[in-house]
1. With assigned to a helix (DSSP H, G or I), at pLDDT 75 or above and loosely packed, with under 11 Cβ neighbours inside 10 Å as the only criterion, which of 72, 99 stands out?
2. Taking only the range 9-28 into account, find how many residues are under 18 Å from residue 77 (Cα atoms), out of contact with any Leu (no Cβ under 8 Å at 6 or more places or on another chain) and either open to solvent by less than 70 Å² (accessible area, probe 1.4 Å) or at pLDDT 80 or above (or both).
3. Across the range 75-96, what is the total count of residues that are over 30 Å from residue 18 (Cβ atoms) and at pLDDT 80 or above?
4. Among the residues of the range 52-69, how many are at pLDDT 70 or above and open to solvent by 60 Å² or more (accessible area, probe 1.4 Å)?
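The values are calculated or read from the model by the stated rules, or taken from the named source; none is laboratory data. Note that this is a predicted model, so its numbers are computed, not measured. As a convention, Cβ positions derive from the backbone with ideal geometry for all residues, glycine included, and neighbour counts pool all protein chains shown. Surface accessibility is based on the protein's heavy atoms, side chains included, excluding ligands, DNA and RNA. Shrake-Rupley method; radii C 1.70, N 1.55, O 1.52, S 1.80 Å.
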Amino acid sequence: MICREDRDAAVVVCDRMCGGEGAQVEMEQWERLRRSPDATVRHALDLLSSTFEDILDVSELEKSEWDYLQRVRLVLMSNAELNRQRRFLWSWADCVWPVLACAAVYFASR
């Protein structure tokens with residue numbers, strides 16, 4: 001469900017935070033947007049809150065992070081949606097290292 005009012009308000013919040021005015025964002029507005037029926041708004045606010053400390057000092061943001069936040073802003077301005085994908089990848093090294101660590105402890109204790 002797309003809520004244009006919440007998306008516009010989230011763009012304003014994003015602009016304030018990226019502009020260094022994060023302290024001026026009202027907590028009431030922030031909490032109202034976090035309960036938005038639009039999943040994209042909620043996800044965008046999660047992204048902003050996770051990088052809030054870096055956003056306060058914009059010089060700490062890398063170009064790729066800045067570009068990502070700007071793309072999130074553009075998604076909020078459009079009718080597109082952000083989707084969360086959770087991927088957990090295992091490699092053979094992830095399986096071998098615990099076995100080698102246990103073997104090392106066993107042989108070191110002898």
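1. After applying the criteria, what remains is 99.
2. 3
3. Qualifying residue count for the region: 1.
4. 6
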